[in-house]
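Peer 1: Here it is, the structure in full.
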Amino acid sequence: MIEGLISVVTPTGTSAGHAPASEQAADETIDSVALAGAEAIQRIITDRNNLRNCTSEQQRDLAALNSINQELRRRLGLIRHHYVELATRILTQLEQFDQATREATRDYGQGVPRGASDDDKLAALARRLKPANASSKPADEDTPAAR
């Protein structure tokens, strides 16, 4: 390989008196090319090491992000589960309220005399729907029952 460099560097048609100078120039050129090649190899090695370090750091970051992602997915699953439970409880309570309302209106239709006024009907319905632990005192003095 060095012979190829020498033939490229040495000019053709040189005289015999100039042969030692051209050999010296060829040697210097070969040395400078070898030094440049060694520097290039050192830069390539440095770049390779930097890329390896960068790749290792990115792999650590990826592993950390994957574990965070799994934790977030787990938490979202728990939140979804809690919302499904909450919706189920609300639906159950709405069904109970619906059933109680149906029973109250059915009882209201049977218990209130036909000739009563609307205010009397509402007061009778309110008495039927009033919880057992509520006070017997009216909350607002301006209600139709208080007049």
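Peer 1: Can you compute the modelled spin-label distance between Phe97 and Arg128, with each label point 7 Å from Cα toward Cβ, in nm?
Peer 2: 1.9
Peer 1: Starting from the Cα-Cα distance between Arg74 and Thr29, subtract it from 0.36 nm times their residue separation and give me the gain in nm to one decimal.
Peer 2: Full-extension gain reported as 9.6 nm.
Every number here is computed from the coordinates shown, using simple stated rules; none is lab data. Fair warning: this is a prediction, and the values are worked out from it, not measured in the lab. Virtual Cβ from ideal backbone geometry, glycine too; neighbours counted across all protein chains shown.
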